[in-house]
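Worksheet: one structure, shown below.
Every number here is computed from the coordinates shown, using simple stated rules; none is lab data. From a predicted model like this one, the values you see are computed outputs, not experimental measurements. Here the Cβ positions follow ideal geometry from the backbone for every residue, glycine too, while neighbour counts run over all protein chains shown.
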Amino acid sequence: MEKMTLEEKVGQMHQIAGNDAVSGPLNPSSNDGEDLRRGLVGSMLNVVGADKTYKYQKIVVEESRLGIPLIFGHDVIHGCKTIFPIPLAESCSWDLDIIKRSARISAIEASAMGLHWTFAPMVDIARDPRWGRIAEGGGEDTYLGSLIAAARVKGFQGDDLNSLDTVAACAKHFAAYGAAEAGRDYNQVDISENNLRNIYLPPFKSALDAGVASFMNAFNTLNGIPATINELLVKSILKDEWKFDGIIVSDYNSIGELIQHGVAADKKECAELAANALCDMDMSGYCYRDHLVELVKEGIVSEVIVDSAVEKILTLKYKLGLFDDPYRYCKPNRESEIILSHTNRQVARECARKSIVLLKNEGTLPLTKSSAIRKIALIGPLANNKFDMLGSWYCAGDENDVVSFYDGLKNRFGSDYEINYCKGCEIDSEVKEDFSEAIGLAEKSDLIFAFVGEAGLMSGEASCRTNILLPGNQLELLKALKQTGKKLIVALSNGRPLEINWIEENADAILETWFLGIEAGNALAEVISGDFNPSAKLTVSFPRNVGQIPIYYNHLNTGRPLYESPNEHYRSRYLDSSVEPLYPFGYGLSYTKFEFSNFSLSKNKIAEIEELVASVDIKNIGEISGEEIVQLYIHDKVATLSRPVRELKAFKKISLQAGETKKVKFSLSDEDFKYYDKNNKWNIEPGIIEIFVGANSQDLLMKEIEITK
Ligand code: NOJ
């Protein structure tokens with residue numbers, strides 16, 4: 001650093017965008033080529049591929065004065081070339097091992113494609129299905145979200161950032177971005193510090209404890225102050241309390257957008273505010289590039305701040321081995337050997353089958369050869385669709401690598417059934433031209449398999465919806481198909497919970513497939529055939545209608561909960577809708593059934609720091625083997641703050657043969673009963689706690705314990 005001029009130091013804090021992807025408004029004021037040559041750029045995003053990253057790295061290393069290598073960042077969100085299920089889907093596996101492995105493979109591929117840094121995991125808790133970015137996170141629950149955050153960080157970063165097959169991770173978006181008002185992207189967030197600490201921050205802390213190399217600021221204001229310059233978030237919590245010493249990167253032009261937020265008059269003031277708020281790198285905002293040197297010279301921003309940022313950026317480059325060999329990640333041979341390997345596809349397939357949630361099944365699934373079914377009609381705009389299986393943020397994914405549902409089912413069942421396909425309608429169109437062909441096909445078939453949902457890009461950044469119905473006339477198509485009187489199985493592809501009351505009432509079976517990635521068809525075929533017994537559970541509540549939003553399982557009780565007195569008028573209810581979700585958090589079916597019994601606690605009174613063991617017997621009472629996710633929730637009945645009616649505190653995925661019983665034990669410690677109290681202190685309070693175990697957040701057995709002083 002001693003060799004560096006102030007201009008070169010500020011250059012390290014400047015990140016520019018390439019054009020292999022567009023992930024924000026392009027900044028027209030750039031003079032990027034010249035800046036690269038002069039060593040005034042520290043990082044690039046949206047450049048993917050060994051050859052392309054090599055090209056830029058060579059310019060910087062060979063032509064700039066000090067030859068400091070670039071760090072290449074990119075949105076590797078659910079796979080790089082091998083595209084895995086979207087994160088929301090993956091979270092429904094509740095399988096931390098497969099989640100970690102999918103991040104591991106994403107990192108292996110990303111690092112072979114010249115990338116050093118992924119802008120993932122997104123660990124924003126999301127309770128609003130209108131918000132498109134719900135697709136990109138781990139759902140609505142803080143506890144599960146925290147475990148997933150750690151698993152993904154460990155998967156991306158491995159044991160050592162210096163290994164050639166790891167990338168630096170980035171916990172984003174700090175913080176509370178998922179609470180955007182009205183589910184509209186970039187919108188303001190106004191929540192209490194207590195809510196922030198109890199609900200939104202723990203996944204970030206968990207990412208930090210797992211060693212995450214960087215944090216990204218969020219676009220939103222938090223209680224009136226843009227997150228990018230929010231002192232409570234960055235200085236008090238991230239730096240002082242949590243002692244984070246890695247890089248903080250802005251979101252895409254979130255520094256420049258301080259002007260639109262109305263807290264800075266011009267880009268110079270943006271740079272001042274962001275630098276003083278300890279944002280180390282300006283993503284594509286050109287505020288640091290154009291004004292930070294001047295601000296330091298004027299004494300408005302201390303050079304100590306610049307030095308500290310540059311030290312962190314260079315340290316990460318050292319850790320990644322870029323000073324030993326700036327080209328180590330951009331070797332075309334390695335890239336071609338590694339990406340999209342058979343093993344990677346196998347893991348993507350495992351992840352995909354584990355992500356499929358069976359929402360309803362009236363005995364129609366799995367398909368058995370012995371049934372009378374011979375002819376199957378695959379109908380719907382997502383039946384023979386490759387592109388949309390990639391979901392949003394599909395990185396270097398290519399639709400030509402996708403196994404569509406049609407291909408997957410044909411491969412698995414082609415010799416057992418006659419399988420015919422008709423699209424029926426587009427995803428989002430009012431045209432009904434093809435309805436009659438679809439109905440004709442349905443009439444000639446024994447079973448209708450309808451593939452409906454959203455386009456892959458209807459969720460993700462800036463892709464919010466005010467209604468969460470099936471787009472276009474897909475519901476009408478389903479209704480017409482139902483008229484044929486044939487059995488109707490519905491497979492949904494979507495990046496958010498949808499309003500599907502009619503489907504719930506009328507379909508014989510419903511499978512939530514989200515966007516499953518390149519192995520979508522093969523994974524679905526495994527589930528349909530029963531080769532794999534579905535075990536996934538929802539990590540977000542499904543509302544009955546958009547008016548219930550936000551709806552989440554860990555809400556407060558209110559002073560007039562409806563269940564206490566359903567016939568009384570003055571109760572917390574809607575006149576025109578149930579207050580309950582259509583499907584609750586934690587819900588999902590299997591082809592077998594499980595029974596819970598003998599729920600017991602090792603004690604009924606514990607002192608604050610004692611351990612408690614909760615045990616329950618779970619029996620597979622069906623005819624085939626299967627897996628159940630046993631969930632444990634608590635409810636602090638009398639606390640100094642009103643506490644959620646349920647809070648997930650533990651879970652275990654148990655595999656059981658038909659007829660088999662296992663005892664499942666959970667050890668709980670005082671940490672599990674703590675929360676941020678009214679003084680925002682992490683605290684345990686004496687009193688009665690209800691403990692629940694069961695198969696989802698509503699279907700539970702309960703016991704009480706007392707925590708004594
Ligand atoms: C904006 C998004 O909010 C962020 O998540 C992403 O990493 C950046 N753009 C870069 O593409």
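Could you tell me what fraction of 2.2 N^0.38 Å the Cα radius of gyration of region 249-315 comes to, as a two-decimal ratio? Provide the component values of the computation, followed by the final result.
Details: Rg = 11.0 Å, N = 67, 2.2 N^0.38 = 10.9 Å.
Against the compact-globule rule of thumb, the ratio is 1.01.
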Problem set entry | At q = 0.15, 0.29 Å⁻¹, base-10 log of I(q)/I(0) for region 333-403 (Debye sum, equal scatterers on each alpha carbon) | -0.77, -1.36
Problem set entry | Tilt relative to the chain, helix 520-529 - C-alpha long axis, 0 to 90 degrees, to 10 | 20
Exercise. Which of the aspartates and glutamates could a cross-linker span from Lys681 if the Cα-Cα distance has to be under 17 Å and same-chain partners fewer than 8 positions apart are dropped?
Worked result: Glu193, Asp240, Glu241, Glu608, Asp636, Asp670, Glu671, Asp672
Seminar exercise, completed: The answer for Leu511, listing residues at least 5 apart or on another chain whose modeled amide H is closer than 5 Å to its amide H, is Leu359, Val490, Ala491, Leu492
Problem set entry | Cβ charges +1 (Lys, Arg) and -1 (Asp, Glu), total dipole of region 342-548, debye | 560
Exercise. So how tilted is helix 96-112 from the main axis of the chain? Cα-based, degrees 0 to 90, rounded to 10.
Worked result: 40
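Got the relative contact order for the chain handy, in percent, Cα pairs under 8 Å and 6 or more residues apart? Please list the in-between numbers first.
Values: 1749 pairs, mean separation 94.5, N = 709.
Rounded, it is 13 percent for the chain.
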For this session: Convert each backbone phi in region 629-640 into a coupling constant with the Karplus relation 6.51 cos²θ - 1.76 cosθ + 1.60 (shift: θ = phi - 60°), then list the ³J(HN,Hα) values in order as whole Hz, x for Gly and Pro.
Result: 9, 7, 10, 10, 10, 10, 9, 7, 6, 10, 10, 7
Exercise. If you project the alpha carbons of region 149-191 onto their three principal axes, what span does each projection cover, largest first, in Å?
Worked result: 43, 15, 12
Seminar exercise, completed: Listed by chain and number, the residues whose amide H is under 5 Å from that of Gly588, excluding neighbours fewer than 5 places away on the same chain and using placed H, are Leu538
For this session: Would you be so kind as to identify which of Phe72, Gln346, Asn333 lies farthest towards the positive end of the dipole of the chain, taking Lys and Arg as +1 and Asp and Glu as -1 on Cβ and the Cα centre as origin?
Result: Gln346
Seminar exercise, completed: Binned at 5 Å starting from 0, the alpha-carbon pair-distance distribution of region 190-247 in whole percents comes out as 4, 18, 29, 30, 14, 4, 0
Problem set entry | About the Cα centre, charge dipole magnitude for the chain (Lys/Arg +1, Asp/Glu -1 at Cβ), debye | 1260
Seminar exercise, completed: Unit-weight point scatterers at every alpha-carbon of region 592-708, Debye formula, q = 0.12 1/Å: log10 I(q)/I(0) is -0.45
Exercise. Taking Cα atoms, how many degrees apart are the long axis of helix 342-355 and the longest axis of the chain, rounded to 10 and kept between 0 and 90?
Worked result: 60
For this session: May I ask for the distance between the Cα centers of region 4-60 and region 103-177, given as a whole number of Å?
Result: 23
For this session: First measure r as the distance between the Cβ atoms of Arg38 and Asn680, then evaluate 1/(1 + (r/R0)^6) with R0 = 51 Å and state the FRET efficiency to the nearest 0.05.
Result: 0.65
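If the limit is 30 Å between Cα atoms, which of Lys386/Lys482; Lys487/Lys649; Lys360/Lys386 go over it? The partial results should precede the final answer.
Details: Lys386/Lys482 26 Å; Lys487/Lys649 40 Å; Lys360/Lys386 25 Å.
Beyond 30 Å between Cα atoms: Lys487/Lys649.
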Exercise. What does the highest-first list of 522-528, 44-50 look like by mean Cβ count within 10 Å?
Worked result: 522-528, 44-50
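How large is the convex hull of the C-alpha atoms of the chain per residue, in Å³? Provide the component values of the computation, followed by the final result.
On the way: hull volume 114.8 nm³, N = 709.
In the chain, the Cα hull volume divided by residue count equals 162 Å³.
Tell me the relative contact order for region 592-708 as a rounded percent, counting alpha carbon contacts under 8 Å between residues six or more apart.
On the way: 275 pairs, mean separation 37.3, N = 117.
Across region 592-708, relative contact order equals 32 percent.
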Exercise. So, with +1 on the Cβ of K and R and -1 on the Cβ of D and E, and no other charges, what is the size of the charge dipole of region 592-708 about its Cα centre, to the nearest 20 debye?
Worked result: 60
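Based on the Kirkwood radius over alpha-carbon pairs, what is the Stokes-Einstein translational diffusion coefficient of region 1-92 at 20 °C with 1.002 mPa s viscosity, in µm²/s? Show your work: numbers first, answer last.
On the way: Rh = 14.6 Å.
Here the translational diffusion coefficient equals 147 µm²/s.
What shape does region 84-172 take by its C-alpha gyration tensor, where a ≥ b ≥ c are the square roots of the eigenvalues and a/c under 1.5 counts as rounded, a/b above b/c as prolate, and the rest as oblate? Please list the in-between numbers first.
Details: a/c = 2.14, a/b = 1.82, b/c = 1.17.
It is prolate, given that a/c is not under 1.5 and a/b is the larger ratio.
Could you grab the relative contact order for region 492-585? Cα pairs under 8 Å, six or more apart, rounded to a whole percent.
Values: 82 pairs, mean separation 28.7, N = 94.
Rounded, it is 31 percent for region 492-585.
Mind ordering 488-498, 159-169 by average Cβ neighbours within 10 Å, highest first? Each step should come with its number before you reach the end.
Numbers: 488-498: 25.6, 159-169: 19.0.
Top to bottom by mean Cβ count within 10 Å: 488-498, 159-169.
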For this session: Calculate one ³J(HN,Hα) per residue across region 230-235 by plugging θ = phi - 60° into the Karplus curve 6.51 cos²θ - 1.76 cosθ + 1.60, and present them in order as whole Hz with x for glycine and proline.
Result: 7, 4, 4, 5, 7, 6
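Cα convex hull of region 420-542: how many Å³ per residue?
Details: hull volume 14.8 nm³, N = 123.
Expressed per residue, the convex hull around the Cα atoms of region 420-542 is 120 Å³.
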Seminar exercise, completed: extent check for region 342-548: Cα max minus min per principal axis, descending, whole Å, gives 45, 42, 29
For this session: Place +1 on the Cβ of every Lys and Arg and -1 on the Cβ of every Asp and Glu in the chain, take the dipole about the Cα centre, and give the residue among Asn46, Ala264, Trp514 whose Cα lies farthest towards its positive end.
Result: Trp514
Exercise. Gap in Å between the Cα centre of region 680-699 and the Cα centre of region 262-317?
Worked result: 44
Exercise. How compact and how long is region 265-367, expressed as Rg and Dmax of its alpha-carbon atoms in Å?
Worked result: 24.2, 74
Exercise. Hey, rough spin-label estimate for Glu505 and Lys297, points 7 angstrom out along Cα→Cβ, what's it come to in nanometres?
Worked result: 7.1
Problem set entry | Using θ = phi - 60° and Karplus 6.51 cos²θ - 1.76 cosθ + 1.60, couplings along region 241-257 (whole Hz; Gly, Pro as x) | 7, 8, 6, 5, 10, x, 7, 10, 10, 6, 7, 4, 6, 5, 6, x, 6
